[in-house]
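Let me begin by presenting the structure, written as structure tokens, before commenting on it.
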Amino acid sequence: MYGRVRGMTVLGVGGHPVTVEAFVGRGLPALTFTGLPGAAVADARDRIRPAVEHAGLEWPLRRVVVNLAPGNLRKEGAGLDLPIATSVLAATGQVPGAALAGAVFFGELSLRGEVLPTSGVLSVAIAAAQTGSSIVVVPKANAVEAAHVDGIRVVAVSSLEQVVLFLRGTWRAPEIEVVTNGGWQSPAADLADVRGQEQARRALEVAAAGGHNLLLVGSPGAGKTMLARRVASILPELTRDEALEATQLHSVAGLLAGRGLLRQRPFRAPHHSISTVGLLGGGSRVMRPGEASLAHRGVLFLDELTEFRRDAIEALRQPLEDGCVVVTRASGSVTFPARFTLVAAANPCPCGFRDDPVRMCGCRDDQRARYQGKLSGPLLDRIDLRVRVPRLTKHELLGAASGEPSAVVRERVVVARDRQLDRYRDTVWTCNAHLPGPLARRQASLTDEAERLLGSAVDASALSGRGFDRVIKVGRTIADMDGAARVDVGHIAEALSYREALEPEERTARAS
């Protein structure tokens, strides 16, 4: 007796088709797996039989062999429970084999036959549609995720019994209402709450308009964290393609909890004790996206940047440059998208009061040197905007006037982003910060005066090639905010001012 069902396994962020074959033959009662099953798949032998029997179905008291093809692909996750159980039911004639054509099954089973919420359903639905399947059978709790994929019918089930009734044609799955996560809503944190800090507010707007990385440096209590947490309030709504990418990563990480597509850009703020694996993703067995990938198309906020493990923040160099994280293990490698905007905050020295007008810094020179050495030159070179955040004056603290609200700033950011989308409509790029260096130079359209100023800055500031390109990108963003077709001297001058947050001797030491 033989049954064949299509399933999926999620590796990295993508779904991979798995053909599940069940053979029931002579021999002592046993369930054997072949085809490189992972630990969670191997555990299914203790879940599937109780689930089948609890659903009122018969488990064959014979030898059952389940093959997971292709044999050279390691199968991970509990999502193969449902296709394995269905293949055995097909082999024993309890469900019609003809009803399995064109269908993909995915879901974890409980001992009571319930189909439990399973991570990665959106990736499974996308892969099923791409491989020509017409039906995907998934847990009811995850059905909203899959319903956002066009060209495929989603069957939401809550139990193995419903799967059997659906295949027999005696039960019809209810329609799924496609919803988003409530649409775009302005976050509670608003820029109007920020008093003073005009340069930092301007840098926040530039960063949001062009997708640029930002470092805020200042004394404790100056408002660095308050500013950074308001970046989300001025970012534009995700496009549908961006929303699918971001939601897929959250689905794989098991963070959606049955919700629909993300609409607000992700904002991730991990604690400084996070490990490299937690930040970039991976794992010894099941590879999961880290915080950098969960911030894809959004913001990764690292508060107290110098307190993070050096190996963790240095590992951010690749995603900051390439927009992806490649995790390699003995069992293979996976690639996670990680095109985020980095916003970081740090104190200028261990005590935090260097150059503070009120409190005197008590740090020794060697302490400052060790502290500053935690941030390498190559990492800082990938941060486009570096801004000093001064202590607020008493007039700013006591003043009644509020700052410009986020809604007004966001309108300007959206206009600047639209200009970039129009300029790069024939490319894969969406904003200035992500352009390769050669393309950024061609698209900048520098005036003669701007070129001369930039040339002088190369000599005076010892700009690296990467730093040179990033100044051009920031200048292009400022020009977009002004509605200018060409990057003029004022745009380049402002872009250069955002690289002066560190003292000259510090920048020279790190540039080496």
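The values are calculated or read from the model by the stated rules, or taken from the named source; none is laboratory data. Note that this is a predicted model, so its numbers are computed, not measured. Cβ coordinates were reconstructed from backbone atoms using ideal geometry, including for glycine residues, and neighbour counts include every protein chain displayed. What goes into the accessible areas is simple: the full protein's heavy atoms, side chains included, and nothing from ligands, DNA or RNA. Shrake-Rupley method; radii C 1.70, N 1.55, O 1.52, S 1.80 Å.
Here is the P(r) of the range 327-372: all C-alpha pair distances, binned every 10 Å from 0, give 22, 26, 15, 21, 14, 2 in whole percents. Report the paramagnetic label zone for residue 485: residues of the range 431-449 whose backbone N is under 19 Å from a point 7 Å from Cα along the Cα-to-Cβ axis. Under cut-off, by backbone N: 441-449. Report Rg/Rh for the chain, rounded to two decimals, where Rg is the Cα radius of gyration and Rh the Kirkwood radius. Ratio of gyration radius to Kirkwood radius: 1.07.
Rounded to 0.05, the FRET efficiency of the residue 310 and residue 19 pair, given R0 = 41 Å and the Cβ-Cβ distance, is 0.35. Counting only protein heavy atoms and a 1.4 Å probe, the chain has 42 square angstrom of accessible area per residue.
Averaging Cα coordinates gives a centre for the range 139-155 and one for the range 88-135; these two points are 12 Å apart.
Model label points for residue 326 and residue 360, set 7 angstrom from Cα along the Cα-to-Cβ axis, are 5.3 nm apart.
Ignoring ligands, DNA and RNA, what percent of the 1.4 Å accessible area of the chain is carbon and sulfur?
Details: 11130 of 21610 Å².
Percent of accessible area from carbon and sulfur atoms in the chain: 52.
Placing a pseudo-label 7 Å from each Cα along the Cα-to-Cβ vector at residue 46 and residue 333 gives an inter-label distance of 3.6 nm. The fraction of all Cα pairs in the range 1-128 landing in successive 5 Å bins from 0 to the largest distance is 2, 12, 23, 26, 22, 11, 3, 1, given as whole percents.
State whether the range 200-311 is rounded, prolate or oblate according to the following rule on the C-alpha gyration tensor (a ≥ b ≥ c being the square roots of its eigenvalues): a/c under 1.5 gives rounded; otherwise a/b larger than b/c gives prolate, and the remaining case gives oblate. Walk me through the intermediate numbers first.
Details: a/c = 2.41, a/b = 1.21, b/c = 1.99.
Oblate is the answer for the range 200-311, as a/c is 1.5 or above yet b/c matches or exceeds a/b.
Over the residues of the chain, the helix contribution to mean residue ellipticity at 222 nm works out to -10000 deg cm²/dmol, using -39500 (n - 2.57) for each DSSP H run of at least 4. Spin-label model, residue 134 to residue 318: label points 7 Å out along the Cα-to-beta-carbon direction sit 4.2 nm apart. Sorting 439-448, 456-465, 82-91 by their mean Cβ neighbour count within 10 Å, with the most densely packed peptide first, gives 82-91, 439-448, 456-465.
Could you tell me the relative contact order of the chain? Use alpha-carbon pairs under 8 Å, at least six residues apart, and round to a whole percent.
Values: 1069 pairs, mean separation 67.6, N = 512.
Reported relative contact order: 13 percent.
The relative contact order of the range 140-288, computed from alpha carbon pairs under 8 Å that lie at least 6 residues apart in sequence, is 28 percent. Centre-to-centre, using Cα atoms only, the range 28-87 and the range 415-452 are separated by 53 Å. The value of relative contact order for the range 279-387, using C-alpha pairs under 8 Å at least six residues apart, is 27 percent.
Its Kirkwood hydrodynamic radius, worked out from the mean inverse distance over all distinct Cα pairs, puts the range 296-355 at 13.3 Å.
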